[in-house]
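Participant: Okay, here's the structure, questions in a sec.
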Amino acid sequence: MKLRKVTAASAVLLALSVTATACGGDKDDKGSGGGKKIAIGIKFDQPGIGQKTPQGYSGLDVDVATYVAKKLGYNEDQIEWKESKSADRETMLQRGDVDFIAASYSITPERQKLVDFAGPYLLAHQDVLVRADDTSIKSPADLNKARLCSVTGSTSAQNVKEKLAPKAQLQKYPTYSACLSGLQNKAIDALTTDDSILAGYASQSQFKGKFKLGALKMTNENYGIGVKKGSDLKDKINKALESMVSDGSWQKAVDKNLGPAGYKNEPAPKIGDIKS
């Protein structure tokens, strides 16, 4: 009788041990392909960068994230894409809603206090988009005579007005698409944000040949891949990014997504080289 009780108890303990091991395995296998899915945060509304369409997901960040996920051991059908709006990114990482975020995510000292970054994988700059036949804006000072558009809540236009062109006529529209329409019908003279984002919008088929980048390079924006503080994914993602550059996949992704707008990209940055 005593033997039976001991055996039953042992069986229960063994079952619990196996269950715990299996559960722990799913959690700890991120980065080795052992998990069934990997959750990745991207923008859903930035053409050329990260966009959700009826056909799926596209953009430079999508291509970079897909390459990284593959190096971590995940196929495309194992990726769960999640929308990461600018204001939500740190919270999503801290809560564990996503494993990493690639969403035109500039590395800044303030953000580095909250999350870790792999990369950078792209050096972008604040720039302007103008009509293809406009030759009046050749320097930031020329914006003093321009009607300058940016989206509500963006700091890009304010940065120009406060530091570079105080006499610029600042106009805020609800979306970048609205700014593009205003630029096309000459209600505004220039649209400002990161050059990579501008190139993505200008690369859309309906806008090809209608706009051009000013190449003003008003700021440095170091795009990185955000991970939770202390995550061991950081080093694994850095190795994947180095591989993407060395095998030519990075340049192909940049050319495919941003090239149609005449985007002249900076050379791929070295890991950890953050330009101020």
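The values are calculated or read from the model by the stated rules, or taken from the named source; none is laboratory data. Note that the structure is a prediction, hence the values are computed from the model and not measured. Neighbour counts run over all protein chains shown; Cβ positions are idealised from the backbone, glycine included. For the accessible areas, the whole protein counts, side chains as well, though only heavy atoms, and no ligand, DNA or RNA atoms are used. Shrake-Rupley method; radii C 1.70, N 1.55, O 1.52, S 1.80 Å.
Participant: For K82, all conditions in the list (1) open to solvent by 40 Å² or more (accessible area, probe 1.4 Å); (2) out of contact with any strand residue (DSSP E or B) (no Cβ under 6 Å at 6 or more places or on another chain) hold save one; what is the number of the exception?
Facilitator: For K82, the exception is condition (2).
Participant: Sort through N222, N144, N159 and tell me the only one that's open to solvent by less than 40 Å² (accessible area, probe 1.4 Å) and modelled with pLDDT of 95 or more.
Facilitator: Matching residue, one of N222, N144, N159: N222.
Participant: Return yes when T135 is touching a Pro at 6+ places or on another chain (Cβ under 7 Å) and more than 30 Å from G248 (Cβ to Cβ) and no when it is not.
Facilitator: no
Participant: Please go through the range 73-98 and give me each residue that is part of a loop (DSSP other than H, G, I, E, B) and of a type in the set (K, R), ordered by number.
Facilitator: K85
Participant: Would you point out which residue out of K52, K27, K70 is assigned to a helix (DSSP H, G or I), surrounded by fewer than 19 Cβ atoms within 10 Å (Cβ to Cβ) and modelled with pLDDT of 95 or more?
Facilitator: Exactly one residue qualifies, and that residue is K70.
Participant: Residue by residue through the range 139-164, note down the ones that are over 25 Å from the mean Cα position of the chain (by Cα) and over 24 Å from Q204 (Cα atoms).
Facilitator: Once the filter is applied, which keeps residues that are over 25 Å from the mean Cα position of the chain (by Cα) and over 24 Å from Q204 (Cα atoms), the range 139-164 yields S139, P140, A141, D142, L143, N144, K145, A146, K161, E162, K163, L164.
Participant: Take the residues in the range 82-115 that are hydrophobic (A, V, I, L, M, F, W, C) and touching a residue at least 60 places away in the same chain (Cβ under 8 Å); name whichever of them is nearest to I274 (Cα to Cα).
Facilitator: Ranking the qualifying residues of the range 82-115, first place goes to I107.
Results for (1) polar (S, T, N, Q); (2) modelled with pLDDT of 95 or more; (3) open to solvent by less than 10 Å² (accessible area, probe 1.4 Å); (4) closer than 24 Å to N265 by Cα, shown as yes or no for each residue.
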{"site": "L170", "(1), (2), (3), (4)": "no, no, no, no"}
{"site": "Y173", "(1), (2), (3), (4)": "no, no, no, no"}
{"site": "K186", "(1), (2), (3), (4)": "no, yes, no, no"}
{"site": "L198", "(1), (2), (3), (4)": "no, yes, yes, yes"}
{"site": "K208", "(1), (2), (3), (4)": "no, no, no, yes"}
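Participant: Considering only strands (runs of 3 or more DSSP E) fully contained in the range 165-273, which possess at least 1 residues that are more than 18 Å from the chain's Cα centre (by Cα) and of a type in the set (D, E, K, R)?
Facilitator: The qualifying strands (runs of 3 or more DSSP E) are 169-173, 211-213.
Participant: Considering only the range 89-133, how many residues are of a type in the set (D, E) and surrounded by 17 or more Cβ atoms within 10 Å (Cβ to Cβ)?
Facilitator: 4
Participant: Please specify each residue of the range 246-261 satisfying the condition of being in contact with a strand residue (DSSP E or B) (Cβ under 8 Å, 6 or more places away or on another chain) and either surrounded by fewer than 19 Cβ atoms within 10 Å (Cβ to Cβ) or of a type in the set (G, A, S) (or both).
Facilitator: A261
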